[in-house]
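J.: Let me begin by handing over the structure; questions about it come next.
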Amino acid sequence: MLGSKLGPYELVEEIGRGGMATVYRAIQANMDRSVAVKIIHKAIAADSTSLDRFQREARLIARLEHAHILPVYDYNGAHDPPYIVMRYMPSGTLKDILEREPLRLGEVAFLIRQIAGALDYAHRQGVVHRDIKPSNIMVDSEGNAFLTDFGIARMVEGAEGLTASGMAVGTPGYMAPEQGMGLQVDGRVDIYALGVMLYEMLTGKMPYSAETPMAVILKHINDPVPSACEVNEDLPLDANDVIRMAMAKDPDSRYQT
């Protein structure tokens, strides 16, 4: 689709691709700015459930107004293919940063505070993200974090889930035990994933690794939380306590906010 136009947006560069959509950098000429345009794949658009999920993402994000949630500028669910227009972040994602260089403890605390604030706000609006991971955290040129991709989020209260009962939705490396088992979830799965991400940011490694995604999920369910301080000896011992509480197997034993 490079070179094509969706309304006032001219697609000039592909910057991301997932199972449900492709993200392009586009030029919005009338505003003289670059924007990120997320376009649902045509094969997915033909499926009414997936299209409902995409359309719900746009409506959901548009009403979440927080300093550290990536803002939505525009949305067209009737277009073929449907698309969402968001702020463009040229500096990339937290995943990009972690692949380039390790973060200092103060930088980790700064980012976690912003991400946790955005999640706390979303949870108070009744929204669970369910896919917290570094690739869903954008970082601007000033080092500020922005939470994005609520594509599999759902309303906690009063909404019918679009995911089949008993199906695990999320990314295996960051999934809470109850999420991996396909059980009912709430905001505490995001707190678990934030704990996983904290471990990764402090050590440069994932807490669990295995040959298959299912084997990773089983480790999240069964294995004890590893010590971050054994991997990074420069960490204060309190770091282990924070990670272990965030990643407690029982949701009632985790931080509750």
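J.: Any idea which residue in region 5-57 is surrounded by the most Cβ atoms within 10 Å (Cβ to Cβ), counting only those that are of a type in the set (Gly, Ala, Ser) and at pLDDT 80 or above?
T.: Restricting to residues being of a type in the set (Gly, Ala, Ser) and at pLDDT 80 or above, the top hit is 26.
J.: Here's a follow-up. How do the pairs read when you match residues in region 225-245 that are under 17 Å from residue 112 (Cβ atoms) with residues anywhere that are among the acidic types (Asp, Glu) and open to solvent by 80 Å² or more (accessible area, probe 1.4 Å), using Cβ under 9 Å and keeping only pairs 6 or more apart or on different chains?
T.: That search, which allows pairs on different chains as well, returns 240/230.
J.: Which ones in region 65-103 are open to solvent by less than 30 Å² (accessible area, probe 1.4 Å) and either closer than 16 Å to residue 149 by Cβ or of a type in the set (Ser, Thr, Tyr) (or both)?
T.: 69, 70, 82, 83, 84, 85, 86, 89, 92, 93, 94
J.: Here are the criteria: (1) at pLDDT 85 or above; (2) farther than 13 Å from residue 84 by Cβ; (3) not in a helix (DSSP H, G or I). Tell me which single one residue 1 does not satisfy.
T.: (1)
J.: If you don't mind, another one. Determine if region 108-130 includes at least one residue that is assigned to a loop (DSSP other than H, G, I, E, B) and open to solvent by less than 20 Å² (accessible area, probe 1.4 Å).
T.: yes
The values are calculated or read from the model by the stated rules, or taken from the named source; none is laboratory data. These numbers come from a predicted model, not from an experiment. Quick reminder, even Gly has a Cβ in these numbers, built from the backbone with ideal geometry, and neighbours come from all protein chains shown. For the accessible areas, the whole protein counts, side chains as well, though only heavy atoms, and no ligand, DNA or RNA atoms are used. Shrake-Rupley method; radii C 1.70, N 1.55, O 1.52, S 1.80 Å.
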